[in-house]
């Protein structure tokens with residue numbers, strides 16, 4: 001392919017074929033320990049990489065309420081105060097069951113955790129770990145999420 005065709009493909013055709021971003025919500029679960037902020041990470045079910053609890057919007061719930069629900073289902077956060085506005089956003093490509101990657105924009109909501117439980121819906125499917133914000137930034141893969149964590 002010539003350079004002109006490659007450029008046209010990359011700058012014109014591919015963007016037209018690409019789906020608009022889907023929207024997800026994430027819970028940035030935080031707690032204070034020894035005068036520092038700790039962040040709760042969980043493992044993904046498919047690859048076992050470290051992530052924050054996240055998922056799709058839910059009918060009848062605000063984005064913040066959906067983030068709180070994800071924190072419960074994926075990490076066992078039983079009680080927390082949550083901000084109604086996102087503290088940031090990040091993007092990634094989600095690999096779908098049909099073999100395609102879909103662009104996803106994630107709104108991140110901070111939850112200040114007050115109570116956890118060991119019995120929650122995905123307890124057998126995930127591990128969870130409290131770490132410093134700096135350590136969390138090193139453990140996650142998404143550059144936009146790393147930036148949000150580094151701001152803590």
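The values are calculated or read from the model by the stated rules, or taken from the named source; none is laboratory data. Just so it is clear, the model here is predicted, and its values are computed rather than measured. In this analysis, Cβ positions are derived from the backbone assuming ideal geometry, glycine residues included, and neighbour counts consider all displayed protein chains.
What number goes with the only condition from (1) modelled with pLDDT of 95 or more; (2) outside any strand (DSSP E or B); (3) more than 18 Å from residue 43 (Cα to Cα) that residue 109 does not pass?
(2)
Step by step: first the residues of the range 116-152, then only those that are free of Cβ contacts under 8 Å to residues at least 24 places away in the same chain and more than 18 Å from residue 48 (Cα to Cα), then the one that is surrounded by the most Cβ atoms within 10 Å (Cβ to Cβ). Which residue is that?
The selected residue is 134.
Given the condition exposed (fewer than 12 other Cβ atoms within 10 Å of the Cβ), under 15 Å from residue 27 (Cα atoms) and either in contact with a helix residue (DSSP H, G or I) (Cβ under 9 Å, 6 or more places away or on another chain) or at pLDDT below 95 (or both), answer yes or no: does some residue in the range 82-89 qualify?
yes
How about the range 121-149: which of its residues are out of contact with any strand residue (DSSP E or B) (no Cβ under 8 Å at 6 or more places or on another chain) and closer than 21 Å to residue 81 by Cα?
Residue satisfying the conditions is 121 alone.
Within the bounds of the range 53-71, is there any residue that is within 14 Å of residue 25 (Cα to Cα), free of Cβ contacts under 8 Å to residues at least 40 places away in the same chain and buried (at least 19 other Cβ atoms within 10 Å of the Cβ)?
Yes, the range 53-71 has at least one match.
Residues being in contact with a strand residue (DSSP E or B) (Cβ under 7 Å, 6 or more places away or on another chain), under 17 Å from residue 117 (Cα atoms) and not in a strand (DSSP E or B): count how many of those fall in the range 73-96.
Result for the range 73-96: 3.
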